[in-house]
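Just below is one structure, and these are the notes that go with it.
The values are calculated or read from the model by the stated rules, or taken from the named source; none is laboratory data. From a predicted model like this one, the values you see are computed outputs, not experimental measurements. A quick note on method: Cβ atoms are made from the backbone with ideal geometry, for glycine too, and the neighbour counts reach across all protein chains shown. Please note that ligands, DNA and RNA were not included when accessible areas were found on the heavy atoms of the full protein model with its side chains. Shrake-Rupley method; radii C 1.70, N 1.55, O 1.52, S 1.80 Å.
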Amino acid sequence: EFGRPGLRVREQKGVITQNVRIRQIASALEHAADWEYVSDVLHSGLEDGDFSGFRLRVYDHTDDDYNGSKGTVVYTRSVLLKPDLDEVEWSLNLEFQSETYRGQLELNCPYSEQSLMIDVNVLLQVLSPALCRVCRNITGEERYLRIPERVIAKRASAGF
């Protein structure tokens, strides 16, 4: 335990890189007009990081019932980012919701002796609230939403 602070200092550059990447994802989500775009942003942003995959599930929150159902599935996508890893994985599940949607983002990471190069607080305090804002911005009428051309240009050039 006494050696861990020194190890953490050496790993800090990787942690900072991953934290910046999560903040970039959260910023890019401000322009989301549909769930496919959200999934594409997550895919691009997480692709070169420590995570081996993710699953995004979105439910119609207005369709909840009192029997514990999460509502009708609106969108679901699973992405395997590192197919060559056959290791045991663990996952982190971020829940998000608004008046219209409820969802889960499950982030998978291979189990290894190496530390995860991310601050979990950044996921909880930056990415999770960004997903809640997306829930409020994407309405059930998104097919009628006009996207300004500047957003389309940013969408096409979103790179991490």
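Gain on full extension, evaluated as 0.36 nm per residue between residue 17 and residue 72 minus their Cα-Cα distance, stands at 16.1 nm. Peptides 119-131, 30-42, ordered by how many other C-beta atoms sit within 10 Å of their residues on average, highest first, read 30-42, 119-131.
By a 1.4 Å probe calculation restricted to protein chains, residue 23 has an accessible surface near 130 Å², given to the nearest 10.
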